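Data first, discussion second: the structure below is written as structure tokens.
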Amino acid sequence: MPRSLLLTGYKLTRKDFHDVVLRYRGVALAPRARRAMKRSRALVERMIAEKKVVYGVTTGVGSLSTEHIDPHQARQLQLNIVRSHACGVGEPLGAAETRGILLLRANALATGLSGTRPAVADLLCEFLNHGIHPVVPERGSVGASGDLAPLAHVALGLVGEGEVSVIKNPGREPLHAARMAAGKALAKAGLKPLALEAKEGLSLVNGTQVMQSLGLLALRQVEILVDTADVAGALSLDALRGSPIAFDERLQRARPHAGQLTTAKNLRRLNRGSAIRRSHLNCARVQDAYSLRCMPQVHGTARDALAYGAKVFEIEMNSVTDNPLVFVRDGEVLSGGNFHGQPLATALDLMAIVMTQLGGISERRIDRMVNPLTSDLPPFLAGSPGLESGLMLAQVTAAALASENKVLAHPASVDSIPTSGNKEDYVSMGVAAALKLRAILANVASILAIELLAASWAIDLLAPLRTGTLAERARDLVRRASPAPKHDRSISPDMARLAQLVRDGVFARLLRPRGAP
């Protein structure tokens, strides 16, 4: 593992994020960040001493911002903000999701624009390094003013209240977690609870780090699933004796969307050298169904949406999204709306839509392989049709998941509901968008697993003909997880194993250069 990542607030990359969140790389505050935080903190302290009106420091929050707070109550205000806002519900976020929140929050504070002491970012880093993860209920955020409720549960752990999940031997497999009171976990790690100073409670709860963390982890899965869809589609193309002519580079260059060009290139690579293709070069079929012929256009659109989403999240992960912000050079503290999650919510919804499309076209290819009306293969790929049902119900499962995704794909970001006495009257629903996307991605992984299974069964029936060299490697991977059937059996365990391989990126890595991670 490389040396600890030094946070500046401006240089965090997606690779850094994954190293810390998934591979438990150590993290610390960079010296320049420490200096910037000290300068901004000094300005906040001076304003308090001068009894200036500063939102969330000498006033209440939300629609209570008209209420003025005596300076001697500033610390109590911050603790009250954390305690009162920690009212999330639902299942706790996963370890990776929570680690992402801790990292992103520390990185945002490192800019020095939030006016908090370095000690706040230091403790966030110590939580990461010791594998201490606050228990954060997944529901309760409307995405403005940031992710208040879930972030308050993070802050609650920092002050030694609430519950945390502690990973024993962080970064070593297998991981074991123990849930305990935050105060106990801090004591065992030799850490002291954070005593909040003016503005620090507000800075901890105000930001987009929850939807950011969920979105960055989703982006990784989207990349894996889009590549896997190309692999599954290439196998299905040969299983149905389809034509790769539609992927000819000349055709694709006539409409040169970047994602379309990439998928077409992948499909050409995967089926290069296919004996199945050579066996039907002179067949009478002129054009294939859209689910085969239009893979570059549909899969490619998902790729282009992914590129847009990645750009949005890469900007956001090095942004400051709490309120108000402290500008030392100008000696001012400015209130604004950087906490509003609309950019992220919109990107998350876009990814939900294109992934639903990706699952939908995959399900159509599954149906074409098992449907006796659309293939020249045995009905439902059964060994003894009638006596056996083959993959009849596997297609039904894929159809159920594809239809569920259509419901989940309804955009959360077009919704809004007024909160905080109508002060916060237009919100993003960004976390709702992220949670829906998470469910869609799980469904798409299962749909693609079923397609990989069906295509491999179908190509077995075309033996001794073989598909392309690279596609055969994919079929070998399928066979290791799901041995060729001799008769009907429950394939639910096979589908689960394949779905896990899909999520782990095993099939997606076939498209990467040899030796690439």
Checklist entry - Taking segment 23-51 on its own, how many of its residues are part of a helix (DSSP H, G or I) and not basic (Lys, Arg)? => result 12
Checklist outcome for this item: Picking from 10, 55, 24, the residue that is surrounded by 15 or more Cβ atoms within 10 Å (Cβ to Cβ), in contact (Cβ under 8 Å) with a residue 24 or more places away in the chain and within 30 Å of residue 221 (Cα to Cα) would be 24
Checklist entry - If only one of 86, 33 is surrounded by 14 or more Cβ atoms within 10 Å (Cβ to Cβ), within 34 Å of the chain's Cα centre (by Cα) and over 19 Å from residue 205 (Cα atoms), which one is it? => result 33
Checklist entry - Given the residues 396, 370, 333, which is the only one that is modelled with pLDDT of 95 or more, over 20 Å from the mean Cα position of the chain (by Cα), of a type outside the set (S, T, N, Q) and buried (at least 21 other Cβ atoms within 10 Å of the Cβ)? => result 370
Item to check | Positions within segment 485-497 being of a type outside the set (Ser, Thr, Tyr) and either within 15 Å of residue 388 (Cα to Cα) or crowded, with 18+ Cβ neighbours inside 10 Å (or both), in sequence order | outcome: 485, 486, 487, 488, 489, 491, 494, 495
Item to check | Residues satisfying the stated conditions in segment 452-503, i.e. touching a residue at least 60 places away in the same chain (Cβ under 8 Å) and of a type in the set (Asp, Glu) | outcome: 488
Checklist entry - Does segment 155-166 include one or more residues that are crowded, with 24+ Cβ neighbours inside 10 Å, under 26 Å from residue 334 (Cα atoms) and either among the hydroxyl-bearing types (Ser, Thr, Tyr) or in contact with an Asp or Glu (Cβ under 6 Å, 6 or more places away or on another chain) (or both)? => result no
Checklist entry - What tally of residues in segment 137-162 results from selecting those that are modelled with pLDDT of 95 or more, assigned to a loop (DSSP other than H, G, I, E, B) and farther than 23 Å from residue 186 by Cα? => result 4
Next on the checklist: Take residues that are touching a strand residue (DSSP E or B) at 6+ places or on another chain (Cβ under 9 Å) and tell me which of the helices (runs of 4 or more DSSP H) falling wholly in segment 408-517 contain 2 or more.
Outcome noted: 430-460
Next on the checklist: Being farther than 19 Å from residue 148 by Cβ and either β-branched (Val, Ile, Thr) or not assigned by TED's automatic domain parsing to the domain that holds residue 29 (or both) is the filter here; which residues of segment 83-114 pass it?
Outcome noted: 111
Checklist entry - Of these, 20, 54, which one is outside any helix (DSSP H, G or I) and in contact with a strand residue (DSSP E or B) (Cβ under 6 Å, 6 or more places away or on another chain)? => result 54
Item to check | Some residue of segment 61-82 being assigned by TED's automatic domain parsing to the domain that holds residue 139, within 21 Å of the chain's Cα centre (by Cα), of a type in the set (S, T, N, Q) and part of a helix (DSSP H, G or I) | outcome: no
Next on the checklist: Six or more apart or on different chains, Cβ atoms under 8 Å: show the pairs whose first residue is in segment 397-418 and assigned by TED's automatic domain parsing to the domain that holds residue 493 and whose second is hydroxyl-bearing (Ser, Thr, Tyr) and not in a helix (DSSP H, G or I).
Outcome noted: 413/428; 416/426; 416/428; 418/426
Item to check | Candidates 113, 104 - the one that is out of contact with any Pro (no Cβ under 9 Å at 6 or more places or on another chain), part of a loop (DSSP other than H, G, I, E, B) and within 24 Å of residue 61 (Cβ to Cβ) | outcome: 113
Item to check | Qualifying position, being more than 27 Å from the chain's Cα centre (by Cα) and either under 28 Å from residue 219 (Cα atoms) or not basic (Lys, Arg) (or both), among 439, 454, 433, 409 | outcome: 454
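The values are calculated or read from the model by the stated rules, or taken from the named source; none is laboratory data. Keep in mind the model is a prediction, meaning the values are calculated, not measured. Every residue, glycine as well, gets a Cβ built from its backbone with ideal geometry; the counts of neighbours run over all protein chains shown.
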